[in-house]
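Take a look at the structure set out below.
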Amino acid sequence: MPYPNYYNQQIGGYYNQPMQPQMQQPMQMQFQPQQNNFLGGKIVDSVDVVKVTDIPIDGNNYYFPKADGSEIYVKRWLGNGTTDVSIYKKQEAIVEEQKPEIDFVAMQDNIISKLDSIDERITKIEKGLGSSKPSARKE
């Protein structure tokens, strides 16, 4: 097998180096298992469906959502050999009653009409009092 000549500037000349075939290494893809956000448990119809065997004895919480989405049951083993159950219920959104808008123009018109009515009454009373003049007293 012939050796190619290489020029080396440091030594100022050519030198021979045996050619070695380069082997391509196969690419290895590393697969990492996909992690689920689900932390154990299963979908159930009620809390009674969750069996003791469904809860691993590692002390972690295991979630059992109700099929209709209204509740989530959280179970775990305690150190004393019993299980702890927490129930989380879906909270309905509270809708505030919308207050009717105040019509200030109509309110102002109503106040003005009442003031006009009062003014008319006062004018009538004044006219009634003004027409009857006290008569001169006879002594």
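The values are calculated or read from the model by the stated rules, or taken from the named source; none is laboratory data. If you're wondering where the values come from, they're calculated on a predicted model, not measured in any experiment. Glycine also receives a Cβ, built like all others from the backbone with ideal geometry; neighbour counts cover every protein chain displayed.
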For Ala67, state whether it is at pLDDT below 90 and surrounded by 10 or more Cβ atoms within 10 Å (Cβ to Cβ). yes
Is it true that Val74 is surrounded by 10 or more Cβ atoms within 10 Å (Cβ to Cβ), modelled with pLDDT of 90 or more and either within 30 Å of Lys51 (Cβ to Cβ) or not small (Gly, Ala, Ser) (or both)? yes
Specify the residue that is modelled with the highest pLDDT; the eligible residues are those in the range 90-109 that are not in a helix (DSSP H, G or I) and not charged (D, E, K, R). Ile102
What are the residues in the range 68-87 that are assigned to a loop (DSSP other than H, G, I, E, B) and either touching a strand residue (DSSP E or B) at 6+ places or on another chain (Cβ under 7 Å) or among the hydroxyl-bearing types (Ser, Thr, Tyr) (or both), if any? Ser70, Leu78, Thr82
Among the residues of the range 48-65, which ones are over 26 Å from the mean Cα position of the chain (by Cα) and farther than 13 Å from Thr82 by Cα? Asp48, Val49, Val50, Asp54
Unique residue being modelled with pLDDT of 85 or more, over 23 Å from the mean Cα position of the chain (by Cα) and of a type in the set (Val, Ile, Thr) when the list is Ile112, Ile87: Ile112
Top-ranked residue in the range 45-55 [being outside any helix (DSSP H, G or I) and touching a Phe, Trp or Tyr at 6+ places or on another chain (Cβ under 7 Å); ranked as surrounded by the most Cβ atoms within 10 Å (Cβ to Cβ)]: Ile55
